[in-house]
Amino acid sequence: SSVVMGEDWQWQTDDEYGDFEAPLGPAEGSHYVKAYWPGSGNIFRLTSPTFDLSSLDEPYVKFYHVQLDWTGDLDYLKIYYKSSPEVQPVLLAEYTTTIYPWQLDSLALPNPSANYQLLFDAYLNWGYGVGVDNVIVYDRNAVPDVELPVVVTNAVSDITENSAVLHGTITDSGN
């Protein structure tokens, strides 16, 4: 699904993140989202599209994020969720320390509903900004739709207390 950009967030495609001293392109792909403001007191929000999580057994979100302090000043990230448009956002997680380079995190999504939204808030305080990349909502209990090969065991050898070598034949490749 698509990403709904807050007007204060911007796409980044280059290998520089603000004025970071080390090159930092996207965690994955060719773009990421960054909030930056050379000052303090601003909060920029990235709002997800509405997700229908009502059929997921154990909904999770995974994402990459980055935030680097500038001589002690740090921008930070808070993530909220809304289970319906009428309710106030509920804090899901907050990251208030330096994170560099990209860090992958995964969070359980409580109170799944048919009208679920995620909100990524960047609290800007003279730091180098907050970056977010590759946000994916998924069902942790979902079994991937893959066919596994069928293997017939013909013999066992080299048996020890902790291991054994199985000899077998693949009778169906699973494709």
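The values are calculated or read from the model by the stated rules, or taken from the named source; none is laboratory data. The model shown is predicted, which means the values in this text are computed figures rather than measured ones. All Cβ positions, even for glycine, are placed from backbone atoms using ideal geometry, and neighbour counts span all protein chains on display. Surface areas here come from the heavy atoms of the whole protein model, side chains and all, with no ligands, DNA or RNA. Shrake-Rupley method; radii C 1.70, N 1.55, O 1.52, S 1.80 Å.
Restricting to the stretch 61-70, name every residue that is at pLDDT 90 or above and either over 22 Å from Y36 (Cα atoms) or open to solvent by 40 Å² or more (accessible area, probe 1.4 Å) (or both).
Passing the criteria: V61, K62, Y64.
Being among the β-branched types (V, I, T), surrounded by 12 or more Cβ atoms within 10 Å (Cβ to Cβ) and either modelled with pLDDT under 50 or touching a Pro at 6+ places or on another chain (Cβ under 7 Å) (or both) narrows it down to one of V4, V33, so name that one.
Going through V4, V33 in turn, just one is among the β-branched types (V, I, T), surrounded by 12 or more Cβ atoms within 10 Å (Cβ to Cβ) and either modelled with pLDDT under 50 or touching a Pro at 6+ places or on another chain (Cβ under 7 Å) (or both): V4.
Being open to solvent by 70 Å² or more (accessible area, probe 1.4 Å), in contact (Cβ under 8 Å) with a residue 24 or more places away in the chain and not acidic (D, E) is the filter here, so list the residues in the stretch 42-60 that pass it. Even if it seems obvious, please write down each step before you answer.
Step one: of the stretch 42-60, the residues open to solvent by 70 Å² or more (accessible area, probe 1.4 Å) are 43, 45, 50, 52, 54-55, 57.
Checking the rest, the ones that are also in contact (Cβ under 8 Å) with a residue 24 or more places away in the chain come to 43, 45, 50, 52, 54, 57.
Listed by number, the residues that qualify are I43, R45, T50, S54.
Taking W102 as the residue in question, decide whether it is on the phi > 0 side of the Ramachandran plot and at pLDDT 70 or above.
So W102 does not fit the description; no.
For the structure I just gave you, tell me whether D75 is touching a residue at least 40 places away in the same chain (Cβ under 8 Å) and under 20 Å from the mean Cα position of the chain (by Cα).
Details: touching a residue at least 40 places away in the same chain (Cβ under 8 Å): yes; under 20 Å from the mean Cα position of the chain (by Cα): yes.
Considered against the rule, which asks whether it is touching a residue at least 40 places away in the same chain (Cβ under 8 Å) and under 20 Å from the mean Cα position of the chain (by Cα), D75 comes out as yes.
When only residues in the stretch 101-133 that are part of a loop (DSSP other than H, G, I, E, B) and among the aliphatic types (A, V, I, L, M) count, which is most open to solvent (accessible area, probe 1.4 Å)?
Result: A114.
For the stretch 63-99, enumerate the residues that are among the charged types (D, E, K, R) and on the phi > 0 side of the Ramachandran plot. Break it down stepwise before answering.
In the first step, residues of the stretch 63-99 are kept if they are among the charged types (D, E, K, R); the result is 69, 73, 75, 78, 82, 86, 94.
Selection gives nothing.
Keeping to the stretch 84-100, report how many residues are open to solvent by less than 70 Å² (accessible area, probe 1.4 Å), part of a strand (DSSP E or B) and either of a type in the set (D, E) or closer than 24 Å to G127 by Cβ (or both).
4
Considering only the stretch 19-40, I want to know if a residue exists there that is outside any loop (DSSP other than H, G, I, E, B), out of contact with any Lys or Arg (no Cβ under 9 Å at 6 or more places or on another chain), without any contact (Cβ under 8 Å) to a residue 60 or more places away in the chain and basic (K, R).
We begin by selecting, within the stretch 19-40, every residue outside any loop (DSSP other than H, G, I, E, B); these are 32-35, 40.
With the extra rule that they be out of contact with any Lys or Arg (no Cβ under 9 Å at 6 or more places or on another chain), the set shrinks to 32-34, 40.
Of the ones still in play, those that are also without any contact (Cβ under 8 Å) to a residue 60 or more places away in the chain are none.
Scanning the stretch 19-40 turns up no residue that is outside any loop (DSSP other than H, G, I, E, B), out of contact with any Lys or Arg (no Cβ under 9 Å at 6 or more places or on another chain), without any contact (Cβ under 8 Å) to a residue 60 or more places away in the chain and basic (K, R).
Taking the stretch 54-83, which residues are more than 21 Å from R140 (Cα to Cα), assigned to a loop (DSSP other than H, G, I, E, B) and touching a strand residue (DSSP E or B) at 6+ places or on another chain (Cβ under 8 Å)?
L68, L74, D75
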